[in-house]
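K.L.:
The structure under discussion is supplied below as structure tokens; questions concerning it will follow.
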Amino acid sequence: MRRFTGWLTLALTVSLAACGKSAGSGSAACGIAALTGPLAVKDAFARGNMLAAIPDSVPATLPVRVVAGPLLDAVLTARDSAGLAFTIEGRIPVGALPGYGVMLVDPQSRPLGILLFDGVAVPNANILGRVTVRDSVLPLLGIRIDLTGYEDPKCPLFTEPGS
């Protein structure tokens, strides 16, 4: 029971911290969406939605959402034999320890943005390239997904509310 209480406390703390302007409109619902949406996206790998290849058309800049954190930009710096190479522009929150990125692509193969997750990459996922964050080079995975089932329209993953 004590272990469950610790996890619950951590989840609530992170949810409340995510309610700031950088993660949504400031409501508790946006704080919860900032955590549950990306977790559902991560779970989509288990349903076989991972990308096997890089989309044909990738824009020069994509929005990046640090899970439960700010919206930043990623600049495409290379497309080579090692895949795509993006560099994050902007400040990653202090204490964030990003471990990998996931490029989200819509059902028509249009890249929507990149989610930056803490931890280790999804096992057995195809690596489409790399993301440079601070002094670290992280694996970039990809997933095909219809975001309407994973994000709250009032708290979009890749645009700030009201923009």
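K.L.:
Which one of these is of a type outside the set (D, E, K, R), farther than 19 Å from CYS30 by Cα and in contact (Cβ under 8 Å) with a residue 60 or more places away in the chain: LEU157, LEU76, LEU104, LEU115?
P.N.:
Values: LEU157 fails: farther than 19 Å from CYS30 by Cα; LEU76 fails: in contact (Cβ under 8 Å) with a residue 60 or more places away in the chain; LEU115 fails: farther than 19 Å from CYS30 by Cα.
Answer to the selection: LEU104.
K.L.:
While we're here: Which residue out of THR61, THR36 is within 18 Å of GLU151 (Cα to Cα) and of a type in the set (S, T, N, Q)? Break it down stepwise before answering.
P.N.:
On the way: THR61 fails: within 18 Å of GLU151 (Cα to Cα).
Checking each option against the conditions leaves just THR36.
K.L.:
Being in contact with a Gly (Cβ under 8 Å, 6 or more places away or on another chain) and at pLDDT 85 or above: is that true of LEU157 here?
P.N.:
Values: in contact with a Gly (Cβ under 8 Å, 6 or more places away or on another chain): yes; at pLDDT 85 or above: no.
It is false that LEU157 is in contact with a Gly (Cβ under 8 Å, 6 or more places away or on another chain) and at pLDDT 85 or above.
K.L.:
Looking at the range 7-19, is at least one residue at pLDDT below 50, crowded, with 18+ Cβ neighbours inside 10 Å, part of a helix (DSSP H, G or I) and polar (S, T, N, Q)?
P.N.:
Within the range 7-19, one or more residues are at pLDDT below 50, crowded, with 18+ Cβ neighbours inside 10 Å, part of a helix (DSSP H, G or I) and polar (S, T, N, Q).
K.L.:
Can you name the residue in the range 145-154 that is crowded, with 18+ Cβ neighbours inside 10 Å and either out of contact with any helix residue (DSSP H, G or I) (no Cβ under 6 Å at 6 or more places or on another chain) or assigned to a loop (DSSP other than H, G, I, E, B) (or both) and is also modelled with the lowest pLDDT among such residues? It would help to see each step written out before you state the result.
P.N.:
To start, the set of residues in the range 145-154 that are crowded, with 18+ Cβ neighbours inside 10 Å comprises 145, 150-152.
Next, from what is left, pick out any that are either out of contact with any helix residue (DSSP H, G or I) (no Cβ under 6 Å at 6 or more places or on another chain) or assigned to a loop (DSSP other than H, G, I, E, B) (or both): 145, 150-151.
Numbers: ILE145: 90, TYR150: 71, GLU151: 75.
Only one residue tops the list, namely TYR150.
K.L.:
Here is a further query. Would you be able to say whether some residue in the range 55-70 is surrounded by 15 or more Cβ atoms within 10 Å (Cβ to Cβ), modelled with pLDDT of 90 or more and more than 23 Å from CYS155 (Cβ to Cβ)?
P.N.:
yes
K.L.:
Please determine whether any residue of the range 114-124 is on the phi > 0 side of the Ramachandran plot and of a type in the set (A, V, I, L, M). Steps first, please.
P.N.:
Just the residues of the range 114-124 that are on the phi > 0 side of the Ramachandran plot, to begin with: 119, 124.
Now narrow it down to the ones that are of a type in the set (A, V, I, L, M): none.
Checking the range 114-124: not a single residue is on the phi > 0 side of the Ramachandran plot and of a type in the set (A, V, I, L, M).
K.L.:
If LYS42 passes every condition in (1) modelled with pLDDT under 85; (2) more than 13 Å from GLY101 (Cβ to Cβ) but one, which one does it miss?
P.N.:
(2)
K.L.:
Kindly list, by first and then second residue, each pair from a residue in the range 30-46 that is farther than 15 Å from LEU71 by Cα to a residue that is of a type in the set (Ser, Thr, Tyr) and part of a helix (DSSP H, G or I), limited to pairs with Cβ atoms under 6 Å and residues at least 6 apart or on different chains.
P.N.:
Within 6 Å, the pairs are ILE32/SER15.
K.L.:
Still on this structure, I have one more. Is it true that some residue in the range 91-99 is buried (at least 20 other Cβ atoms within 10 Å of the Cβ), in contact (Cβ under 8 Å) with a residue 24 or more places away in the chain and either under 16 Å from LEU141 (Cβ atoms) or touching a helix residue (DSSP H, G or I) at 6+ places or on another chain (Cβ under 7 Å) (or both)?
P.N.:
First, the residues of the range 91-99 that are buried (at least 20 other Cβ atoms within 10 Å of the Cβ): 98.
Now drop any that are not in contact (Cβ under 8 Å) with a residue 24 or more places away in the chain, which leaves 98.
Among the residues that remain, those that are also either under 16 Å from LEU141 (Cβ atoms) or touching a helix residue (DSSP H, G or I) at 6+ places or on another chain (Cβ under 7 Å) (or both) are: 98.
Scanning the range 91-99 turns up at least one residue that is buried (at least 20 other Cβ atoms within 10 Å of the Cβ), in contact (Cβ under 8 Å) with a residue 24 or more places away in the chain and either under 16 Å from LEU141 (Cβ atoms) or touching a helix residue (DSSP H, G or I) at 6+ places or on another chain (Cβ under 7 Å) (or both).
The values are calculated or read from the model by the stated rules, or taken from the named source; none is laboratory data. Computed from a predicted model, the values in this text were never measured in an experiment. Every residue, glycine as well, gets a Cβ built from its backbone with ideal geometry; the counts of neighbours run over all protein chains shown.
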